[in-house]
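Visitor: Handing you this structure, nothing more for now.
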Amino acid sequence: MPATTTTTTTRTPIHGSCDSRFAKVRETFEHNFAGGLEVGAAVAATLDGEPVIDLWGGHLDLGRTREWQRDTMVNTYSTTKGMTAICAHRLIEQGKLDVDAPVAQYWPEFAAAGKQDLPVRYLLSHQAGLPAVAEPLPAGSLYDWDAMTAALAAQKPWWTPGTKHGYHAMTFGFLVGELVRRVSGQSVGNYFREHIAEPLGADFYIGFSDEHDARTSDLFTAPRPASDGAAVPQIEGPLGDMMRDMNDPTTMTGAAFGNPKSVDGAHNSREWRAAEIPAANGHGTARSLARIYGALSRGGEVDGVRILERDTIERAIEQQAFGPDAVLGGLPMRFGLGFMLRQDMIPLGPNPRAFGHPGAGGSIGFADPDAGVGFGFVMNQMQMGLVGSAGAFAMIGALFEAL
């Protein structure tokens, strides 16, 4: 790549490097700032393991007094799920975990409430029927690993496992993470750091100490549409039902996103950053996501470091479920084993074998094994939606136009 360069667009400093072939990606990145979509953000991509885009810009604060730096980290919400899935697949590859074995074989308490035969596969593919805990949990339970896993072990499935799929927004990390812990003897955050992040030199954490706080940006919640006093139009159909249920903790969807209840701004707290919430509190850089997914895009190895075998990756991206999501109001979702798979609503480029995971508000990481692309995008200004942002998808489109 060319040497680091800096430009400024409408008060927004942009730093980093970008191969000349991908100039349109840089232009789109700058346009997202100029259009008010971003406060601070970073985008990175690798091609056949080599960095071709590494850009960052904007600010860490809404007052725009502190510039985003090369090593700035930020919470990536559900983009974390892809990192957690990699940990599970490494254990599957080593023969320590069997996707078709009952979860209770590794986690005996999980057999409660008729779940004795529920296979590991269903946890990874969002088919387990455990997207929420029905019993109201005390405040702070999200930071208590034992409390969350005990509640999930006792929970009766909301549907017959395997008959539906529904996004396990928060529970995915505790379910899969507890399997990682039971099988490896390490928490998922420690396992990920030792076996994935550190060998690759990837700056991504699932739980971290205060030594990184100074370089971690707060995450700003999605801006609400301005109100002119007119009545807010009601959304009809399944999507409207989902929006209604999300505000009712007695429903499955409401409990999935609201039990335990979180206070405003909790995602910027030291308590949140220190905990291991493997579905939602991964923090890192765009460069780290591109590095990790770049390895996966080329069969699991880059620069002599192998994190997964090619056959393991192929198994991980076999479609397990596709169609209306029981938690997300019937939105069409397509899942492999722990990864979201490319579909029209999540356009990870043009190739059908692309896989990865977006996060609420706009972050995303993915691999395209056919194009040899690894991609990462992180930001601190959340946009509305659960599956990526228009700004990120515009950059992905520009990237593939250049290939």
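Visitor: Consider residue 72 carefully, then state whether it is within 30 Å of residue 314 (Cα to Cα) and either of a type in the set (Ser, Thr, Tyr) or in contact (Cβ under 8 Å) with a residue 12 or more places away in the chain (or both).
Guide: For residue 72, the condition - within 30 Å of residue 314 (Cα to Cα) and either of a type in the set (Ser, Thr, Tyr) or in contact (Cβ under 8 Å) with a residue 12 or more places away in the chain (or both) - is not met.
Visitor: Looking at 312, 250, which one is over 25 Å from residue 72 (Cα atoms), among the hydroxyl-bearing types (Ser, Thr, Tyr) and not in a helix (DSSP H, G or I)?
Guide: Result of the check over 312, 250: 250.
Visitor: For the condition in contact with a Lys or Arg (Cβ under 8 Å, 6 or more places away or on another chain) and either of a type in the set (D, E, K, R) or crowded, with 21+ Cβ neighbours inside 10 Å (or both), what is the one hit in 343, 320?
Guide: Details: 343 fails: either of a type in the set (D, E, K, R) or crowded, with 21+ Cβ neighbours inside 10 Å (or both).
Of the residues listed, the single one that is in contact with a Lys or Arg (Cβ under 8 Å, 6 or more places away or on another chain) and either of a type in the set (D, E, K, R) or crowded, with 21+ Cβ neighbours inside 10 Å (or both) is 320.
Visitor: Can you name the residue in the range 326-339 that is touching a Pro at 6+ places or on another chain (Cβ under 7 Å) and surrounded by 19 or more Cβ atoms within 10 Å (Cβ to Cβ) and, of all such residues, is nearest to residue 267 (Cα to Cα)?
Guide: Filtering first and then ranking leaves 327.
Visitor: One residue is enough: does the range 71-89 have a residue meeting the conditions touching a helix residue (DSSP H, G or I) at 6+ places or on another chain (Cβ under 9 Å) and surrounded by fewer than 17 Cβ atoms within 10 Å (Cβ to Cβ)?
Guide: Looking for residues that are touching a helix residue (DSSP H, G or I) at 6+ places or on another chain (Cβ under 9 Å) and surrounded by fewer than 17 Cβ atoms within 10 Å (Cβ to Cβ), one finds at least one in the range 71-89, hence yes.
Visitor: Oh, and also: Could you tell me which numbered condition residue 287 fails, if it satisfies all but one of (1) touching a residue at least 40 places away in the same chain (Cβ under 8 Å); (2) under 17 Å from residue 167 (Cα atoms)?
Guide: (2)
Each row is one residue, and each column tells you yes or no for (1) aromatic (Phe, Trp, Tyr); (2) farther than 25 Å from residue 132 by Cβ; (3) touching an Asp or Glu at 6+ places or on another chain (Cβ under 8 Å); (4) modelled with pLDDT under 95.
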site	(1), (2), (3), (4)
265	no, no, no, yes
283	no, no, no, no
302	no, yes, no, no
308	no, yes, yes, no
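Visitor: Need the failing condition index for residue 111 against (1) under 27 Å from residue 273 (Cα atoms); (2) in a helix (DSSP H, G or I); (3) touching a helix residue (DSSP H, G or I) at 6+ places or on another chain (Cβ under 8 Å); (4) of a type outside the set (Val, Ile, Thr), just the number.
Guide: The failed condition is (1).
Visitor: Output the number of residues of the range 368-391 satisfying the condition of being surrounded by 24 or more Cβ atoms within 10 Å (Cβ to Cβ) and either of a type in the set (D, E, K, R) or free of Cβ contacts under 8 Å to residues at least 40 places away in the same chain (or both).
Guide: The number of residues fulfilling the criteria is 1.
Visitor: Mind checking which residues of the range 45-63 are more than 14 Å from residue 219 (Cα to Cα) and either modelled with pLDDT under 95 or of a type in the set (Val, Ile, Thr) (or both)?
Guide: Passing the criteria: 46, 52, 53.
Residue-by-condition table, conditions (1) part of a loop (DSSP other than H, G, I, E, B); (2) in contact with a Pro (Cβ under 7 Å, 6 or more places away or on another chain):
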{"position": "361", "(1), (2)": "yes, no"}
{"position": "370", "(1), (2)": "yes, no"}
{"position": "375", "(1), (2)": "no, no"}
{"position": "378", "(1), (2)": "no, no"}
{"position": "383", "(1), (2)": "yes, no"}
{"position": "388", "(1), (2)": "yes, yes"}
{"position": "391", "(1), (2)": "no, no"}
{"position": "394", "(1), (2)": "no, no"}
{"position": "398", "(1), (2)": "no, no"}
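Visitor: For the range 1-44, how many residues are of a type in the set (D, E, K, R), closer than 20 Å to residue 63 by Cβ, surrounded by fewer than 23 Cβ atoms within 10 Å (Cβ to Cβ) and at pLDDT 95 or above?
Guide: Adding up the residues that qualify gives 0.
Visitor: Given the criteria modelled with pLDDT of 95 or more, surrounded by fewer than 16 Cβ atoms within 10 Å (Cβ to Cβ) and of a type in the set (Gly, Ala, Ser), does residue 274 qualify? Walk me through it before giving the result.
Guide: On the way: modelled with pLDDT of 95 or more: yes; surrounded by fewer than 16 Cβ atoms within 10 Å (Cβ to Cβ): yes; of a type in the set (Gly, Ala, Ser): yes.
Considered against the rule, which asks whether it is modelled with pLDDT of 95 or more, surrounded by fewer than 16 Cβ atoms within 10 Å (Cβ to Cβ) and of a type in the set (Gly, Ala, Ser), residue 274 comes out as yes.
Visitor: Specify which of the listed residues (147, 134) is outside any helix (DSSP H, G or I) and of a type in the set (Gly, Ala, Ser). Show your work before the answer.
Guide: On the way: 147 fails: outside any helix (DSSP H, G or I).
Just a single option satisfies the conditions, and that option is 134.
The values are calculated or read from the model by the stated rules, or taken from the named source; none is laboratory data. Keep in mind that what you see is a predicted model, and the values were worked out from it rather than measured. All Cβ positions, even for glycine, are placed from backbone atoms using ideal geometry, and neighbour counts span all protein chains on display.
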